[in-house]
1. Hey, any hits in the range 182-203 for a residue that's touching an Asp or Glu at 6+ places or on another chain (Cβ under 7 Å) and assigned to a helix (DSSP H, G or I)?
2. Being at pLDDT 50 or above, more than 17 Å from the chain's Cα centre (by Cα) and not acidic (Asp, Glu) is the requirement here; does Ala51 meet it?
3. On the given criteria, is Gln79 without any contact (Cβ under 8 Å) to a residue 60 or more places away in the chain, within 21 Å of Gly176 (Cβ to Cβ) and not acidic (Asp, Glu)?
4. What do you reckon, is Arg154 under 21 Å from the mean Cα position of the chain (by Cα), part of a helix (DSSP H, G or I) and of a type in the set (D, E, K, R)?
5. Say whether the condition of being surrounded by fewer than 17 Cβ atoms within 10 Å (Cβ to Cβ), under 21 Å from Ser100 (Cβ atoms), of a type in the set (S, T, N, Q) and in contact with a helix residue (DSSP H, G or I) (Cβ under 9 Å, 6 or more places away or on another chain) is met by at least one residue in the range 137-153.
6. Select from the range 168-181 the residues that are in contact (Cβ under 8 Å) with a residue 24 or more places away in the chain and not in a loop (DSSP other than H, G, I, E, B) and list them in ascending order.
7. Kindly indicate the residue of the range 48-62 that is of a type outside the set (A, V, I, L, M, F, W, C) and in contact (Cβ under 8 Å) with a residue 12 or more places away in the chain and also surrounded by the fewest Cβ atoms within 10 Å (Cβ to Cβ) among those meeting that condition.
Amino acid sequence: MIPLPALAIVALCASHAVPNFTAPAFAQSTPPAATAPESPAKPTRKDLERAAERGDTSAMYQLGLLAEVEGDHANASKQFRLASEKGDARAMTRYAYLLSYGLGTPRDEAAAVSWYRRAAELGEAEAMSNLGLMLANGRGVAQSDSEAVEWYRRSAEKGNAAGMFNLGSMYARGRGVAQSDAEALTWYTRAAEKKNAPAMNNLGEMYANGRGVAADEAKAVEWYSRAADAGSAEAMCNLALAYAQAKGIARDLPEAHFWASLAAASGSGEPRTRGEQLTKRLAAQIPAEKTAESRARVTKWIAARAVPITTN
């Protein structure tokens, strides 16, 4: 996942709040998938292989998706490259992603930028957002917040939730645009309505801090809950603290322990560390049987969800 500064109100699972914004990851999912691959088509693999041999780029793309699902990034890269060379914008976007992380092909960020740009110029909204991310972070191209904002906006205006979230993040930080909580709130809301988990979490943080909207702790908890259910480890952490401190919801330490434990078990990076710290503190305040129940719920929750956990 390429980091992009996004709104985060406080180190919610730390012992105290901090006044500055942190930089959680943007809406692109953690490798090996930028965004969840589309469901493979119904035709059999042999049908697809025969069609690909005839030069059908859609079949090549579907074979690439199948290979990704199976973890065969080398074959996925091959299929996406072949389809990309024939002009398939969807394949260009997937191939660029694999290039950017060296999955199934040598890592080449400059080539990734080139393919993202070609796909974006063909109107592929996901490629527009990902090109913006490369520009915002100076990966394979000269860093440019203003150009990143341009591509985020184009992606967002085509209805891409990741583009909406990323554009909101730029407004929240004043990168490439004049800082505007109102604009950040607008774009986070639009992305959240499309079930973008990081946007739901950041929207909750906007309500918690009264940024661009009247402060409303209950509304913040509502968005944290939706984001946590969608797999945001950061939101799980925020929700845990809300339960622990009775912020917008009745105090419930066992429930706080569950959400903190889930963040610790399923997240990564900073949210995982925060979850671990809060889990430890809460475990000292509730009966041992409640911690055991919490761990059992965590195991069951993870097993039952096909939703990938995000670090934001």
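1. So far as the range 182-203 goes, yes, one or more of its residues are touching an Asp or Glu at 6+ places or on another chain (Cβ under 7 Å) and assigned to a helix (DSSP H, G or I).
2. Values: at pLDDT 50 or above: yes; more than 17 Å from the chain's Cα centre (by Cα): yes; not acidic (Asp, Glu): yes.
Spelling it out, Ala51 is indeed at pLDDT 50 or above, more than 17 Å from the chain's Cα centre (by Cα) and not acidic (Asp, Glu).
3. It is false that Gln79 is without any contact (Cβ under 8 Å) to a residue 60 or more places away in the chain, within 21 Å of Gly176 (Cβ to Cβ) and not acidic (Asp, Glu).
4. The answer is yes for Arg154.
5. Yes, some residue in the range 137-153 is surrounded by fewer than 17 Cβ atoms within 10 Å (Cβ to Cβ), under 21 Å from Ser100 (Cβ atoms), of a type in the set (S, T, N, Q) and in contact with a helix residue (DSSP H, G or I) (Cβ under 9 Å, 6 or more places away or on another chain).
6. Gly168, Ser169, Met170, Ala172, Arg173, Asp181
7. Among residues in the range 48-62 that are of a type outside the set (A, V, I, L, M, F, W, C) and in contact (Cβ under 8 Å) with a residue 12 or more places away in the chain, the one surrounded by the fewest Cβ atoms within 10 Å (Cβ to Cβ) is Gly55.
Results for (1) surrounded by fewer than 24 Cβ atoms within 10 Å (Cβ to Cβ); (2) more than 18 Å from Lys300 (Cα to Cα); (3) touching a helix residue (DSSP H, G or I) at 6+ places or on another chain (Cβ under 6 Å); (4) at pLDDT below 95, shown as yes or no for each residue.
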{"residue": "Ala246", "(1), (2), (3), (4)": "yes, yes, no, no"}
{"residue": "Arg251", "(1), (2), (3), (4)": "yes, yes, no, no"}
{"residue": "Trp259", "(1), (2), (3), (4)": "no, no, yes, no"}
{"residue": "Ala265", "(1), (2), (3), (4)": "yes, no, yes, yes"}
{"residue": "Glu270", "(1), (2), (3), (4)": "yes, yes, no, yes"}
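The values are calculated or read from the model by the stated rules, or taken from the named source; none is laboratory data. Everything numeric in this text was worked out from a predicted model, so none of it was measured. Positions of Cβ are backbone-derived with ideal geometry, glycine not excepted, and every protein chain shown enters the neighbour counts.
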